[in-house]
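See below for the structure under consideration.
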Amino acid sequence: MEFIDLKAQRKRLGDKLTQSIQAVLEGGHYIQGAQVAQLEEKLAAYTGRKFCVSCSSGTSALLLPMMAWGIGAGDAVFVPDFTFFATAEMVALTGATPVFVDVEEHTFNLSAACLEEAVLQIKREGQLRPRAVIPVDLFGLPADYEALLPVANRYDLLVLEDAAQGFGGSLKGRKACTFGNASATSFFPAKPLGCYGDGGAVFTDDPALAELLRSLRVHGHGADKYDNIRIGLNARLDTVQAAILLCKLEIFEEELELRRRAAGMYTEHLRGRVTVPDIPSGFASSFAQYTIRLRDSEQRALVMERLKKAGIPTMVYYGKTMHEQKAFAGLQIPAVKCPNALKAASQVLSLPMHPYLTRRQIEAVSDELLQTVLA
Ligand SMILES: *Cc1c(COP(=O)(O)O)cnc(C)c1O
């Protein structure tokens, strides 16, 4: 069994995908070809944002808006303690200080109450200037923006949504990638909408920011590529990846439905025996991952071993919180307590999840799992 079955999707897309790639090869516009602008237009329309600026990865999609906002040394940027490393890494790369904030126990997403406490703590300590917050739509579930945005407004924080896993999710009908001042997503192959390499995009409704992002992704260009008016990057999305994404976008809605169906089947089997994903009312997850919670890390190790023997891959996203990462050890990061993040890191387990899981596969995973849990 595959953890994420990209081959099944490839097979389904068949000649159409091959022809899209072929068209790029023959067309010869490998950088910023017509497909890139086409994709940006389609993605903006899909999410409901005014602008989409594609880029080289989800990581650069996080970095570019922070560069545009001039975030750097002396700034505090609040990030969940339980996330993928890049969220906090890019803050540190700008020279700003990532402040790790606890998450909600049941959704794994940034807690608005803990955010407010952390902001007040930073203000009291007086060393750093609270500048921005990066809520993460973890495992595909949008963060609770109805609770988070008022806190951000109260303290004048810029909001950068990390929707690397969230693309396709929604909150009261509003799609992920539309929350806050800017949103970042990733097209890494394993994400809900993935290409065949690295890719990402930034979304915003702010025309000035969109223009700045376009400049920053190509060496801070002005009138043209050789007129450089600011320090930027080479962070473009390849034309071939845009062509692949255009093709995959055609079946994305249907794939989302299939993911939700698979999640529903898992939940049907597992509810009441292990802690299944909590999708609060009004929220829709893109189910980038189907992540359960076990009693503790010992039980999790037993489950993983048993499933592995049965040929079923599982993953721990994430076994280490941000404040435990060695990379941040040298930074003077204010200590904020994050008990829920620590608990999550010891309990979470992600099961195989993709649109092409069969009922039989889901039953097989659930049965194996329950035999360990109920033993
Ligand atoms: C994958 C991911 C990223 C980084 O995206 P890349 O395309 O791999 O650079 C950032 N944040 C989160 C939450 C992610 O899951």
* **Centroid-to-centroid separation of region 341-375 and region 31-53 [C-alpha atoms, Å]** => 36 Å
* Length-normalised contact order for the chain - Cα pairs under 8 Å, 6+ apart - percent -> 22 percent
* How large is the dipole of the chain about the Cα centre if only Lys and Arg carry +1 and Asp and Glu carry -1, each at its Cβ, rounded to the nearest 20 debye? -> 480 debye
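Looking at this model, which pairs from K11/K343; K175/K248; K16/K42; K7/K50; K123/K191; K175/K308 are more than 30 angstrom apart at the alpha-carbon?
Beyond 30 Å between Cα atoms: K11/K343; K7/K50; K123/K191; K175/K308.
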* Give the relative contact order (percent, whole number) for region 253-354; include only Cα pairs under 8 Å separated by 6+ residues. => 38 percent
* Asked: Hey, can you rank 230-238, 74-82 by average C-beta count inside 10 Å, highest first?
  -> 74-82, 230-238
* Just name one of F3, G74, A37: the one whose Cα is farthest towards the positive end of the charge dipole of region 1-104 (beta-carbon charges, Lys/Arg +1, Asp/Glu -1). => A37
* Asked: What spacing in nm lies between the two simple spin-label points modelled at E250 and A73, each 7 Å away from Cα in the Cβ direction?
  -> 5.2 nm
* **Given charges at beta-carbon only (K, R positive; D, E negative), |dipole| of region 280-330 in Debye** => 140 debye
* **Charge dipole (debye, nearest 20) of region 1-77; +1 at Cβ of Lys and Arg, -1 at Cβ of Asp and Glu** => 260 debye
* Asked: How large is ³J(HN,Hα) for each residue in region 271-286, as worked out from phi by the Karplus curve 6.51 cos²θ - 1.76 cosθ + 1.60 (θ = phi - 60°), to whole Hz, x for Gly and Pro?
  -> 3, x, 10, 10, 7, 8, x, 9, 9, x, 4, x, 9, 10, 8, 7
* Structure fact -> Sequence order, region 67-76: Karplus ³J(HN,Hα) from phi using 6.51 cos²θ - 1.76 cosθ + 1.60, θ = phi - 60°, Hz rounded, Gly and Pro as x, gives 5, 4, 7, x, 6, x, 3, x, 8, 9
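Bear in mind that the values in this text are calculations on the coordinates, not laboratory data. Quantities reported herein were computed from a predicted structural model and do not represent experimental measurements. All Cβ positions, glycine included, derive from the backbone under ideal geometry; neighbour counts span all protein chains shown.
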